[in-house]
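Undergrad: Please read through the structure below; I'll follow up with questions.
Rule-based calculations on the coordinates, nothing more; no lab input. It should be emphasised that the depicted structure is a prediction, and the values quoted were computed from it without experimental measurement. Glycine gets a Cβ as well: all are built from the backbone with ideal geometry, and neighbour counts include every protein chain shown.
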Amino acid sequence: MINVIVELSKYIILTLMIVYTFHCFYAVRQPDNDERNELLQRQLTLIFSMDFMAFLVIYLKTFDFKVVQFYVEMLGFFAIIQILYRIFYKKASLLLLNNMCMLLSIGFIMLCRLDIATANKQLLIASAANIIALVIPVMIRKMRFLRKLTWIYAAIGIILLAAVFVLARTSYGAKLSLLGVQPSEAIKITFVFFLASFLSRDISFRAVIQVSVVAALHVGILVLSRDLGSAVIFFAAYLVMVFVATRNAGYLALGIAGGSAASVVAYHLFGHVRQRVSAWKDPMAVYQNEGYQIVQSLFAIGTGGWFGMGLCQGSPESIPVVKNDFIFSAICEELGGIFAICLILVCMSFFLMIVNIALRIINPFYKLIALGLGTEYAFQVFLTIGGASKFIPMTGVTLPLVSYGGSSVLSTIIMLAIIQGLYILREDEDEEFEKRRKEAVQRIRAREEAGRTGQI
């Protein structure tokens, strides 16, 4: 009976995920507010249904009461977050909130299946992060001086990255953490704020040179620390923000050319870069060494097929660092390739929502912040999935909200809270514009009425 439930569960979970993914894109295009709200409520039902099915399977395969306890705590966490946002931020994007809950759900399911203790840590971190995040939209609306802290953002980023480079121990071939915290995750935010603050005031050639020097210092320290994934993310955000701010395609072309040249130089100068490339080109040739991770990842993806083996039916434990860098491979093995494609589409809808918010914001400072954070999110997803599937060389970054990682989860939730604050600002701008439009219409009608009265 248990085997029947496990076998049926993977098709039920897949169906729920497909329907949820469809709702992500359909809700954005839905012009009617009542219909959109109904779709958003259906999304919550789909999330809770998927969680119930997944944790039922995990419990039936383990008979560990800790799974039930974790499931109840997780449901309470999601319920509290949904309620608090509806109470304090009536203008918040519920679709953005639902997507966050869905990605966290997938992460909780896989982490609970792999290691219940790790899942509990992730839930605790996510809970603390959301408590902090609840005050951020208010800060974005009220703290107008954030635009003036340009060089403070730059100083914080360079000092913390330099501290990691000097003081941190090497872990998995890179210097990432200091006292158990990865400063690069928080610096992703300060880096974007620095660029937005500078470029929203000055887009002259001299200004571009100045921000390029600061960006080069960030990226250079990350490369020296062997944190290649973060280096690529920082560089991508820099390119996009400079291009959007200046609208000069020449800067974009020059940046791409310079980045390509720097990659070639880094390949010849740094041994760890050559190792990553060789593992990408022919992982089987270096299977016993740097190619082992990617080979195990590809085996897992291939084993899962389109529909997956089912929760607790695969062997994701054989993949090194599966809870962090290679959780996408575990998802493919047990939940299937179609589920993984839906996951990618949900992440894509996340990014498109952020871009849409950015395009509708009038203030250039906030517009650039939204685009920068959206670019960082998109590139992190691309690097994680691309590395796990051998599309690109491995870079050692986590899948946002899905992979285990305290610093990553904390920074991502804060980034999303900032986006929520910007979304609320955009709604405020729309309300102000509509108010002024109505006032203008009323004045015109009053003048017309006065003119007709005068003629009589």
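Undergrad: Can you list the residues of segment 346-372 with backbone N under 11 Å from a point 7 Å past the Cα of ILE392, pointing along Cα to Cβ?
TA: none
Undergrad: With Rg and the Kirkwood Rh both taken from Cα atoms, where does Rg over Rh land for segment 234-366?
TA: That ratio is 1.09, to two decimals.
Undergrad: What ranking do 75-84, 12-21 get when scored by the average of other Cβ atoms within 10 Å per residue, highest first? The partial results should precede the final answer.
TA: On the way: 75-84: 15.1, 12-21: 19.7.
Peptide ranking by packing, descending: 12-21, 75-84.
Undergrad: Next question. Which of GLY305, HIS23, VAL223 sits farthest toward the positive end of the charge dipole of segment 2-447, with +1 on the Cβ of Lys and Arg and -1 on the Cβ of Asp and Glu?
TA: VAL223
Undergrad: Per residue, what volume in Å³ does the convex hull of the Cα atoms of segment 2-447 enclose?
TA: Working: hull volume 67.8 nm³, N = 446.
With only Cα atoms used, segment 2-447 gives 152 Å³ per residue.
Undergrad: Apply the Karplus parameterisation 6.51 cos²θ - 1.76 cosθ + 1.60, with θ equal to phi minus 60°, to every residue of segment 120-125 and state each ³J(HN,Hα) to the nearest whole Hz, in sequence, with x for glycine and proline.
TA: 5, 4, 4, 5, 4, 5
Undergrad: Find how much the distance from HIS272 to SER318 grows on full extension, using 0.36 nm per residue of separation minus their present alpha carbon separation; answer in nm with one decimal. Show your work: numbers first, answer last.
TA: Working: separation 46, 0.36 × 46 = 16.56 nm, distance 2.34 nm.
Gain in length upon complete extension: 14.2 nm.
Undergrad: Do any trypsin sites (Lys or Arg not before Pro) in segment 204-271 lie in a DSSP loop with no more than 12 other beta carbon atoms within 10 Å, and if so, which?
TA: Answer by residue number: ARG247.
Undergrad: Could you sort 2-10, 149-157 so that the peptide with the highest average Cβ count within 10 Å comes first and the rest follow in order?
TA: Values: 2-10: 14.8, 149-157: 18.3.
In decreasing order of mean packing, 2-10, 149-157 become 149-157, 2-10.
Undergrad: What number do you get for segment 24-161 when its Cα radius of gyration is normalised by 2.2 N^0.38 Å, N = residues?
TA: Compared with the compact-globule rule of thumb, segment 24-161 sits at 1.29.
Undergrad: Relative contact order of the chain, please, whole-number percent, based on alpha carbon pairs below 8 angstrom and at least 6 residues apart. Write out the running numbers ahead of the final one.
TA: Values: 575 pairs, mean separation 95.2, N = 456.
It rounds to 21 percent for the chain.
Undergrad: Same structure, new question: Rank-order 67-74, 284-291, 93-100 by packing density, defined as the average count of other C-beta atoms within 10 Å over each peptide's residues, highest first.
TA: 93-100, 67-74, 284-291
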